[in-house]
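Q: Please read through the structure below; I'll follow up with questions.
The values are calculated or read from the model by the stated rules, or taken from the named source; none is laboratory data. Owing to the predicted nature of the structure, the values given are computational and were not obtained by experimental measurement. For neighbour counting, all protein chains shown are included, and Cβ atoms are generated from backbone atoms with ideal geometry for every residue, glycine included.
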Amino acid sequence: MTSFTCARSGAAVKVVMEDSAKQRREESAFVFEAKALRNPFVSEYSIFYLTILYFFALAPFTPGLASTENAANIFSNLLPLLIVALGQTVVLITGGIDLSVTSTIALSSVMGAMVMSGDQGWLGGSRWATIAGVVVMLLIGAVVGLFNGAAITIFRMPAFIVTLTTMMFASGLAIWLTKSKTIYNLPPSFNAIGKGSVFIVPYALVVTALLAVALHVMLSRSLAGRWLYAIGHNAKAAVVSGVPVGRTTRLAYVISGLCAAAASILYTGRMETGSPVLGQRILLDVIGAAVIGGTSLFGGRGKVIWTVCGVLFITLIDNSLNMLGLSYFFIMMVKGGVILLAALLDAWRNRLLAGR
């Protein structure tokens with residue numbers, strides 16, 4: 001009887017100690033988050049404050065940086081890049097990565113132009129050309145995304161290898177279909193999507209805003225959004241909890257493909273041509289903008305507003321350094337350094353959160 005009582009007492013003490021340790025961890029987590037909110041450079045919106053600081057620091061030394069014309073230029077470059085980065089954000093939240101987005105942009109551009117072009121296009125001159133071209137471009141993005149997601153979930157292949165292979169294949173296919181030539185003579189109604197406006201609001205802004213709001217609602221208010229975060233935090237635990245990991249992961253890559261195709265529509269309409277090398281140089285900006293904004297490369301962390309801030313920052317860097325007359329190679333080195341710093345901060349933050 002005495003031994004039984006001692007065992008019960010020992011178990012009770014152990015439970016109390018575990019509860020006390022748990023309470024201390026929760027208190028330390030609360031203190032950490034409270035400090036982060038008070039400190040603008042540790043908070044989740046630190047990149048927004050950094051963007052403002054960077055702008056005012058360079059404005060006196062960069063003539064025209066604060067002009068209306070330059071603001072419109074930044075705005076024009078920001079919108080399609082933001083769409084691609086939002087799709088990448090969804091994939092990164094699951095702990096994956098999509099390297100094929102730039103090739104998806106090029107292949108969608110080429111296929112859509114081959115449908116719409118007045119120069120021997122499949123529906124050239126038809127009143128349905130624009131609608132058919134847009135549908136084909138979005139379909140290409142969805143198919144590429146579905147292939148990536150299926151290969152990753154069904155065959156258990158690494159996302160990096162799958163999307164790298166898809167990038168190479170789609171890029172080569174776009175060049176082969178066009179024989180490295182640009183396709184011209186697209187319908188004016190299609191070009192208006194990338195360059196036109198309703199009253200004073202550009203169509204590109206309308207498309208981008210709708211997509212951003214839709215993804216924000218999905219990530220923050222829907223069951224699918226909670227599943228995406230759960231997979232990123234711990235895929236094995238998500239399976240045990242009943243989360244359809246395979247289906248949800250495929251959804252993430254389909255969303256990424258669709259976002260790349262939507263960005264291709266804006267890029268192609270703005271340039272008025274279908275190009276097999278469209279978007280070839282923006283992969284660093286796409287991934288970098290999401291990571292700089294605060295989306296974790298380790299999964300389980302990311303928000304639409306963070307990516308908006310990241311895209312704004314990376315676009316401002318690109319624009320300001322171009323206005324200073326620096327070479328493309330130097331600009332790439334600067335952006336690479338910034339992205340590396342953001343990745344290091346992400347790793348540090350994950351270690352800190354894991355140990356707190």
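This table checks each residue for (1) in contact (Cβ under 8 Å) with a residue 60 or more places away in the chain; (2) surrounded by fewer than 24 Cβ atoms within 10 Å (Cβ to Cβ); (3) not in a helix (DSSP H, G or I).
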{"position": "Leu228", "(1), (2), (3)": "yes, no, no"}
{"position": "Gly242", "(1), (2), (3)": "no, yes, yes"}
{"position": "Gly246", "(1), (2), (3)": "yes, yes, no"}
{"position": "Leu251", "(1), (2), (3)": "yes, yes, no"}
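Q: Which of the residues belonging to region 267-281 are surrounded by fewer than 23 Cβ atoms within 10 Å (Cβ to Cβ) and either modelled with pLDDT of 95 or more or assigned to a helix (DSSP H, G or I) (or both)?
A: Our first condition is that a residue be surrounded by fewer than 23 Cβ atoms within 10 Å (Cβ to Cβ); within region 267-281, this holds for 270-273, 275, 277, 280-281.
Passing the criteria: Arg270, Met271, Glu272, Thr273, Ser275, Val277.
Q: Within region 300-320, identify whether any single residue is polar (S, T, N, Q), under 20 Å from Leu219 (Cα atoms), at pLDDT 90 or above and buried (at least 21 other Cβ atoms within 10 Å of the Cβ), and answer yes or no. Steps first, answer last, please.
A: Taking region 300-320 and keeping what is polar (S, T, N, Q), we get 307, 315, 319-320.
Filter again for under 20 Å from Leu219 (Cα atoms), leaving 307.
Retained after the next criterion (residues that are at pLDDT 90 or above): 307.
Filter once more, so that each one left must be buried (at least 21 other Cβ atoms within 10 Å of the Cβ): 307.
Checking region 300-320: at least one residue is polar (S, T, N, Q), under 20 Å from Leu219 (Cα atoms), at pLDDT 90 or above and buried (at least 21 other Cβ atoms within 10 Å of the Cβ).
Q: Which one is nearest to Leu211 (Cα to Cα), of the residues in region 249-289 that are hydroxyl-bearing (Ser, Thr, Tyr) and touching a Ser or Thr at 6+ places or on another chain (Cβ under 6 Å)?
A: Ser264
Q: Within region 229-238, is there a residue that is within 22 Å of Leu81 (Cβ to Cβ) and in contact with a Phe, Trp or Tyr (Cβ under 9 Å, 6 or more places away or on another chain)?
A: No, region 229-238 contains no residue that is within 22 Å of Leu81 (Cβ to Cβ) and in contact with a Phe, Trp or Tyr (Cβ under 9 Å, 6 or more places away or on another chain).
Q: While we're here: So which of Ser264, Ser296 is under 29 Å from Ile152 (Cα atoms), touching a residue at least 24 places away in the same chain (Cβ under 8 Å), not in a helix (DSSP H, G or I) and not charged (D, E, K, R)?
A: Working: Ser264 fails: not in a helix (DSSP H, G or I).
None of the others qualify; the one that does is Ser296.
Q: Let me ask another. Of these, Ser180, Ser189, Ser197, which one is on the phi > 0 side of the Ramachandran plot and small (Gly, Ala, Ser)? Give the steps one after another, and end with the answer.
A: On the way: Ser189 fails: on the phi > 0 side of the Ramachandran plot; Ser197 fails: on the phi > 0 side of the Ramachandran plot.
Being on the phi > 0 side of the Ramachandran plot and small (Gly, Ala, Ser) holds for just one of Ser180, Ser189, Ser197, which is Ser180.
Q: Restricting region 322-355 to residues that are surrounded by 12 or more Cβ atoms within 10 Å (Cβ to Cβ) and at pLDDT below 80, which is farthest from Pro63 (Cα to Cα)?
A: Ranking the candidates gives Leu353 first.
Q: Next question. For the subset of region 84-106 comprising residues that are touching a Leu at 6+ places or on another chain (Cβ under 6 Å) and assigned to a helix (DSSP H, G or I), which member is surrounded by the most Cβ atoms within 10 Å (Cβ to Cβ)?
A: Narrowing region 84-106 to residues touching a Leu at 6+ places or on another chain (Cβ under 6 Å): 86, 93-94, 99, 102, 105-106.
Within this subset, residues satisfying the condition of being assigned to a helix (DSSP H, G or I) are 86, 93, 102, 105-106.
Working: Leu86: 29, Ile93: 25, Thr102: 26, Ile105: 36, Ala106: 27.
By that ranking, first place goes to Ile105.
Q: If you don't mind, there's one more thing I want to ask. Here are the criteria: (1) touching a residue at least 60 places away in the same chain (Cβ under 8 Å); (2) surrounded by fewer than 14 Cβ atoms within 10 Å (Cβ to Cβ); (3) part of a helix (DSSP H, G or I). Tell me which single one Pro60 does not satisfy.
A: The number of the failed condition is (1).
Q: Filter region 192-202 down to the residues that are in a helix (DSSP H, G or I) and surrounded by fewer than 18 Cβ atoms within 10 Å (Cβ to Cβ), then identify the one that is farthest from the chain's Cα centre (by Cα).
A: Just the residues of region 192-202 that are in a helix (DSSP H, G or I), to begin with: 192-195.
When the remaining residues are screened for being surrounded by fewer than 18 Cβ atoms within 10 Å (Cβ to Cβ), the result is 192, 195.
On the way: Ala192: 25, Lys195: 23 Å.
The extreme case among them is Ala192.
Q: Also: Can you name the residue in region 152-184 that is more than 21 Å from Leu283 (Cα to Cα) and under 24 Å from the mean Cα position of the chain (by Cα) and, of all such residues, is surrounded by the fewest Cβ atoms within 10 Å (Cβ to Cβ)?
A: Among those residues, the one meeting the criterion is Arg156.
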